[in-house]
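Heads up, the thing below is written out as structure tokens.
The values are calculated or read from the model by the stated rules, or taken from the named source; none is laboratory data. Please read all numbers here as calculations on a predicted model, not as lab measurements. FYI the Cβ positions are ideal-geometry reconstructions off the backbone, even for glycines, and counts take in every protein chain you see. Heavy atoms of the whole protein, side chains included, go into the accessibility calculation; ligands, DNA and RNA do not. Shrake-Rupley method; radii C 1.70, N 1.55, O 1.52, S 1.80 Å.
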Amino acid sequence: MYYTAADIVKSFFKLESAAGILLIVAAALAILADNSPLAPYYDQLLEIPLAVSIGELGIEKPLLLWINDGLMAIFFMLVGLEIKREIVDGNLSSMSQLSLPAIAALGGMAVPSLIYAWINKDFAAGLNGWAIPAATDIAFALGLLGLLGNRVPITLKIFLTALAIIDDLGAIIIIALFYTSNLSTLSLVLAAAAIAGLFILNRLRVTHIAAYMIVGAFLWVFVLKSGIHATLAGVVIALAIPIRQKDESGNSPLVTLEHALHPWVAYLILPVFAFANAGVPLLGLDPAILLHPVSLGIAAGLFIGKQLGVFGLSWIAIKSGLARLPDKTSWLKLYGASLLTGIGFTMSLFIGSLAFETGPNLSTELRVGVIAGSLLSAVCGYLVLAWSGEVEEKET
């Protein structure tokens with residue numbers, strides 16, 4: 001079956017909107033499970049050891065790490081495919097299309113990180129989490145936009161999607177540069193050999209996705225063992241998938257793989273990740289935890305920092321002539337979308353799991369901050385966008 005660009009865009013928005021609702025359900029179930037008589041079983045489930053071995057070679061990890069290192073590598077592969085397609089043929093392929101979401105994304109990463117770092121300046125153990133509020137959860141954001149229907153123009157959805165994709169690229173770079181440790185030279189050499197293999201397949205114009213997946217599986221293992229986070233292997237695999245050649249279906253292998261992965265990521269991988277990582281024991285929790293530097297830094301970064309960074313730099317870019325306001329989009333709608341970028345959920349939890357992998361246990365503060373900041377951003381963003389629709393209807 002041949003997929004046009006319009007088919008891909010429509011499918012993307014449809015899937016991401018549904019995924020946002022499913023993510024909310026999965027997160028709610030995790031919180032319920034962690035605050036019910038089932039709590040011990042919830043914790044035990046995530047700690048179940050799973051092993052894969054071939055002869056003497058094997059990998060053994062608890063279920064939670066298989067989800068965070070394995071399933072999320074597939075998620076990052078999809079992110080890599082989206083980034084490559086958008087840069088080569090999509091909404092990031094020209095400077096006029098790229099300028100506004102790129103500038104907005106830069107502000108949306110820098111300002112929240114600075115706010116978090118300032119709040120945690122006297123709490124050394126928390127400073128490593130500076131990148132947590134820099135992330136945007138595109139599934140949640142588009143899920144809320146989907147609930148607003150025609151009151152949100154497609155140009156605003158494209159802007160938000162492009163911004164989130166650039167945001168994800170920033171998160172990938174941050175993970176690669178700041179959240180790697182204890183590097184293994186042998187594993188890095190083997191990973192480099194696997195990357196060379198992917199490059200050769202691309203240069204030979206191989207269009208069979210299975211060939212890339214086989215080499216990619218070895219790359220994932222080598223990266224996992226190297227000390228670099230294994231999810232980055234997914235991005236490298238994605239960048240090697242050809243976009244100019246055509247396969248048997250008449251599509252490029254990249255488009256075919258992207259279209260195939262979307263339902264699995266939207267309906268399985270992200271909800272499973274949310275269920276595994278969103279559980280937080282609220283019973284007996286001291287409300288003062290909201291004022292803990294980590295919780296407060298994340299919540300303030302997501303809710304205050306994101307809207308200031310995204311809307312503030314967008315306003316400067318548009319007023320200075322570096323970019324233009326998307327068609328059929330008012331300033332009020334752009335502000336509403338800026339609020340929605342504060343929904344950091346999936347990516348914020350993921351970066352937080354890396355940031356606080358060692359040192360004191362800050363998982364509760366992490367989850368409380370992410371949930372509080374994301375919830376505030378979601379509610380306020382939805383209300384502003386809904387109100388903007390009513391204002392425009394009255395004006396017409």
Exercise for review: Filter the range 119-133 for residues that are touching a residue at least 40 places away in the same chain (Cβ under 8 Å), farther than 13 Å from GLY352 by Cα and either aromatic (Phe, Trp, Tyr) or assigned to a helix (DSSP H, G or I) (or both) and give the result.
Suggested key: ILE119, PHE123
Point to revise | the range 216-259: number of residues that are of a type in the set (A, V, I, L, M) and touching a strand residue (DSSP E or B) at 6+ places or on another chain (Cβ under 9 Å) | key: 2
Review point. Here are some residues: ILE228, ILE158. Which one is surrounded by fewer than 23 Cβ atoms within 10 Å (Cβ to Cβ) and within 30 Å of LEU313 (Cβ to Cβ)?
Key: ILE158
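Could you tell me whether ALA317 is of a type in the set (A, V, I, L, M, F, W, C) and modelled with pLDDT of 90 or more?
Here the answer is yes, as ALA317 does meet what is asked.
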Exercise for review: Say whether the condition of being within 17 Å of ALA211 (Cα to Cα), surrounded by fewer than 23 Cβ atoms within 10 Å (Cβ to Cβ), in contact with a Ser or Thr (Cβ under 7 Å, 6 or more places away or on another chain) and free of Cβ contacts under 8 Å to residues at least 40 places away in the same chain is met by at least one residue in the range 245-262.
Suggested key: yes
Study note, to complete from the structure: Just one listed residue, out of GLY227, GLY250, GLY321, GLY279, is closer than 26 Å to TYR382 by Cβ and of a type in the set (Gly, Ala, Ser), and it is GLY279
Review point. Exactly one of (1) farther than 30 Å from ARG244 by Cα; (2) open to solvent by 40 Å² or more (accessible area, probe 1.4 Å) is unmet by ILE87. Its number?
Key: (1)
Check your understanding: Out of all the residues in the range 373-396, is one or more more than 19 Å from ALA164 (Cα to Cα), under 21 Å from the mean Cα position of the chain (by Cα), modelled with pLDDT of 90 or more and surrounded by fewer than 23 Cβ atoms within 10 Å (Cβ to Cβ)?
Key -> no
Review point. Of GLY58, GLY107, GLY80, GLY126, which residue is small (Gly, Ala, Ser) and either open to solvent by 20 Å² or more (accessible area, probe 1.4 Å) or on the phi > 0 side of the Ramachandran plot (or both)?
Key: GLY58
Exercise for review: Please specify each residue of the range 263-287 satisfying the condition of being surrounded by fewer than 21 Cβ atoms within 10 Å (Cβ to Cβ) and polar (S, T, N, Q).
Suggested key: none
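In the set PRO112, PRO101, which member is buried (at least 24 other Cβ atoms within 10 Å of the Cβ) and touching a Phe, Trp or Tyr at 6+ places or on another chain (Cβ under 7 Å)? I'd like the intermediate steps shown before the answer.
Working: PRO112 fails: touching a Phe, Trp or Tyr at 6+ places or on another chain (Cβ under 7 Å).
Only one candidate qualifies: PRO101.
Among the hydrophobic types (A, V, I, L, M, F, W, C), open to solvent by 40 Å² or more (accessible area, probe 1.4 Å), out of contact with any His (no Cβ under 6 Å at 6 or more places or on another chain) and under 26 Å from GLU60 (Cα atoms): does that describe ILE214? Step through it out loud before you land on a result.
Details: among the hydrophobic types (A, V, I, L, M, F, W, C): yes; open to solvent by 40 Å² or more (accessible area, probe 1.4 Å): yes; out of contact with any His (no Cβ under 6 Å at 6 or more places or on another chain): yes; under 26 Å from GLU60 (Cα atoms): yes.
So ILE214 fits the description; yes.
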Check your understanding: Does THR136 fit the bill of being outside any helix (DSSP H, G or I) and under 19 Å from SER377 (Cα atoms)?
Key -> yes
Study note, to complete from the structure: By residue number, the members of the range 124-176 that are of a type in the set (S, T, N, Q), farther than 17 Å from LEU302 by Cβ and touching a Gly at 6+ places or on another chain (Cβ under 8 Å) are ASN128
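Acidic (Asp, Glu), at pLDDT below 90, open to solvent by 10 Å² or more (accessible area, probe 1.4 Å) and out of contact with any strand residue (DSSP E or B) (no Cβ under 8 Å at 6 or more places or on another chain): does that describe GLU365? Write out each step before concluding.
On the way: acidic (Asp, Glu): yes; at pLDDT below 90: no; open to solvent by 10 Å² or more (accessible area, probe 1.4 Å): yes; out of contact with any strand residue (DSSP E or B) (no Cβ under 8 Å at 6 or more places or on another chain): yes.
Answer is no for this residue.
For (1) in contact (Cβ under 8 Å) with a residue 60 or more places away in the chain; (2) assigned to a helix (DSSP H, G or I), each residue gets a yes or a no:
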{"residue": "ILE318", "(1), (2)": "yes, yes"}
{"residue": "LEU339", "(1), (2)": "no, yes"}
{"residue": "SER348", "(1), (2)": "yes, yes"}
{"residue": "LEU354", "(1), (2)": "yes, yes"}
{"residue": "PRO360", "(1), (2)": "yes, no"}
Exercise for review: Taking PHE303 as meeting all but one of (1) buried (at least 23 other Cβ atoms within 10 Å of the Cβ); (2) out of contact with any Cys (no Cβ under 9 Å at 6 or more places or on another chain), write down the number of the exception.
Suggested key: (2)
Check your understanding: Just for the range 109-147: of the residues that are more than 29 Å from VAL272 (Cα to Cα) and among the aromatic types (Phe, Trp, Tyr), which one is modelled with the lowest pLDDT?
Key -> PHE123
Exercise for review: Identify, from the list PRO281, PRO242, the residue that is outside any helix (DSSP H, G or I) and at pLDDT below 85.
Suggested key: PRO281
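Taking only the range 171-208 into account, find how many residues are part of a helix (DSSP H, G or I), of a type outside the set (S, T, N, Q) and open to solvent by less than 40 Å² (accessible area, probe 1.4 Å). Spell out how you get there, then give the answer.
Step one: of the range 171-208, the residues part of a helix (DSSP H, G or I) are 171-178, 185-203.
Those left that are additionally of a type outside the set (S, T, N, Q): 171-178, 186, 188-201, 203.
Going one step further and asking which of them are open to solvent by less than 40 Å² (accessible area, probe 1.4 Å), we end up with 171-172, 174-175, 191, 194, 197-198, 201.
Residues that pass the stated criteria total 9.
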